[in-house]
1. Using helices alone, what [θ] at 222 nm do you get for chain B, with -39,500 (n - 2.57) per DSSP H run of 4 or more residues, divided over all residues and rounded to the nearest 500?
2. Hey, which of these cross-link pairs are over 18 Å Cα-Cα: A:LYS102/B:LYS209; A:LYS39/B:LYS315; B:LYS192/B:LYS314; B:LYS197/B:LYS341?
3. Along Cα→Cβ, 7 Å out, is where each label goes; now give me the distance between the ones at B:LEU310 and B:ILE263 in nm to one decimal.
4. At most 16 other Cβ atoms within 10 Å and a DSSP loop assignment: could you name the trypsin sites (Lys or Arg not before Pro) in segment B:1-106 that fit?
5. Averaged over peptide B:99-108, how many Cβ atoms belonging to another chain are found within 10 Å of each residue's Cβ?
6. Relative contact order (percent) for segment B:182-281, with alpha-carbon contacts under 8 angstrom and 6 or more residues of separation?
7. With a ≥ b ≥ c taken as the square roots of the eigenvalues of the C-alpha gyration tensor of segment B:82-374, please select rounded if a/c is under 1.5 and otherwise prolate if a/b is larger than b/c or oblate if it is not?
8. Over chain B, what is the relative contact order in percent, taking alpha-carbon pairs closer than 8 angstrom and at least six residues apart?
Amino acid sequence: MFGFEAIIAHDGLGISVIGISVVFVSLILLAFAVSQIHKIIALWDKRHRFKKPRQKKDQKAAPVQDPTVPQDIQRASRQFKLLIEWIGEPFPLPKLLYLSEKCGLYRPHSTINELLKCELIIPDGNGYYVWNKEAEEKRSST
Amino acid sequence: MTDLLIEFLSNTGFALADYRHIIMILVGIIIIYLGIAKQYEPLLLVPIGFGMLIGNIPVFKDFGLGIYESGSFLNYIYYGVTHDIYPPLIFLGIGALTDFSTMLARPVLMLLGAAAQMGIFITFLGALAIGFPPNEAASIGIIGGADGPTAIFLTVMLAPRLIGPIAVAAYSYMALVPVIQPPIMKLLTTRKERLIKMEDPREVSKTEKIIFPIVGFLLCCFLAPAALPLLGMLFFGNLLKECVVVERLAKTARTSLIDIVTILLGVTVGASTQADVFLTPQSVGIFALGAFAFAIATASGVIFAKIMNLFMRKKINPLIGAAGVSAVPNSARVVQMVGQKEDPTNFLLMHAMAPNISGVIGSAIAAGILWSFMSH
C-alpha cells in the first residue's frame, strides 16, 4: 500500500495530529509553569512582609538606646534593623543601600556609614554583612 | 604447508571482502574525514566512522567476532544500544551539561521547540506514503527530531533492524546541520527579519533553576509517560547540576559518564552498519527521508517564529526558530553564525538556546507519543 491510501489505512493523520498536539500542549504547559515559577518564588520571599506589623510591635517594646550614636541615626537604625530582618542575613551592602533608598529611609548613605562605624553592621568575613546583635544589646544595656 | 597457507589466505579479509565492504569502509573514512578535517561533530563522527571500519572488516560467520554474533566483544557492548541503556545515560549527561536559564527567562520561546517537531510527524506521513510499515515510519520520522539518542531509543523499541541506518542518518544529519540549515533559514526569512535584535533575557535565580527540573519532569512525564526514561534522566542530570550540593555526581555525569557512553554508542552504532544489513534500498530511503525530516523541522521552526511575530509586541528573530531542532548546541551555533553574517553585532546564541533545549524535550515527548501509539 502506498500514498494517501497507506496513510489512511494506518491512521497516520490521526497519529500525527494527536502527536503534534500533545507535544504543543506539553510545552505550552511547561512554558506556563516556568513563567510562574519566579513569581511564586518572589511571593515566597515576600512572606516576611506579612509578619512586619508584629515585628514592629516587638521593636517598640525593646527600643535601641545608644548614647554614642547620634539621635537621628539612632532612630534610623531601628528602621534599618527592620529592613535587614526583611532582607535576611547575611546581606550584601549594595542591596541594603538600594532598598533603603527605595523605601525612602533617612539619608541612607551616611546612616549606613554611621551604623558601620558604631559596629551595628559588621562584615561576616565572606563579603556580606550582618546586624550585630551583641553590640545592640550592649548599647541598650548601657 | 601450502594447504595451511592457502587456508590462512582464504580466511583473510582480502579474500572475504566484496564491493559492499569496500563501499562501507570508504563511507567510514569519509565520516572520519568530516569529523577530523571539517570538525562536524567530531565527538560523534570519529567514533561512528571508526566503528564503521570495525564493522566492515569481513570475518567468518560464527567466528564470534561480528557485532551481531552473540558472545563477541562488540555484541556485548552493543547490548547497551539494543536494550536502550545508552540513550538515557547520554540524556543524563546532557542534563548535567545544559544551562536552562535562557529558556526559563523567556518561556514563550519553548513553542519554537514544539513547532520544529512537525518535521517528525510530516516525515512519519511521508514514510507511510512510500510504503514503510507504521513502526518503521515512526522510527524514520524521529530523525527529524535531530536527536541521535532519541532516534536510537525509539528505533530499538519499534524497528530494531533499522538501528544502523537510522542512527547513522540521525548523527550524520546532526553533524551536517551547518550545511543543511542555513539555505533553508535564508530562503524563509527576509534580510530585515534576520537583522532583528532581541532584548537581553532577564536574570534567572538559582531557586528557579533548581525548581525547574522537578516541575518539568513531573509535568512532561505525567502528560507523556512513555518519555520517562529520556526525560527522567535529562531532568535528573540538570537537577544534579543546579543543586550544587552533589557537584561530584554532576561532574561525573557531564564528563566521564557521557564520554564513556558516547564512545561505546558511537563505535557500536558505526559497527552495526555491516555492509550486508546496511547497503539496502531501504537505507537509501531512510537517508532521503532523514534529510527531508531535517529540512521540514528547520522550516517549521522558522515559519512558526514568523507567525509568533504577528502577535508579539517585542519581535523575535525568526532565525532562532531553526534551533528548535534539538541538535544541541549545533543548531543554536548555526543560528548565531547566520545572524552574524547579516549583522556582526547581533548575538543570537543565547536566545537560540531556548528553542534548542525545548526541542530536546519536545523530541523526547514526540518519541514517547509515537512509542505509545505503535505499541498498541
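1. Numbers: 22 runs with 267 residues, N = 376.
Roughly -22000 deg cm²/dmol at 222 nm, from the helical runs in chain B.
2. On the way: A:LYS102/B:LYS209 28 Å; A:LYS39/B:LYS315 24 Å; B:LYS192/B:LYS314 15 Å; B:LYS197/B:LYS341 13 Å.
Pairs exceeding 18 Å: A:LYS102/B:LYS209; A:LYS39/B:LYS315.
3. 5.2 nm
4. On the way: sites: B:ARG20, B:LYS38, B:LYS61; in loops: B:LYS38, B:LYS61.
Sites meeting the loop and neighbour criteria: B:LYS38, B:LYS61.
5. On the way: counts 0, 1, 0, 0, 3, 5, 3, 3, 10, 5.
Across B:99-108, the average partner-chain Cβ count within 10 Å equals 3.
6. Numbers: 29 pairs, mean separation 17.3, N = 100.
With pairs under 8 Å counted, the relative contact order is 17 percent.
7. Numbers: a/c = 1.72, a/b = 1.17, b/c = 1.47.
Oblate is the answer for segment B:82-374, as a/c is 1.5 or above yet b/c matches or exceeds a/b.
8. Details: 701 pairs, mean separation 109.2, N = 376.
Reported relative contact order: 29 percent.
Just so you know, all these numbers are worked out from the coordinates, no wet-lab data involved. All of these numbers come straight from a predicted model, not from anything done at the bench. Using ideal geometry, Cβ is built from the backbone for each residue, glycine included, and neighbour counts are taken over all protein chains shown.
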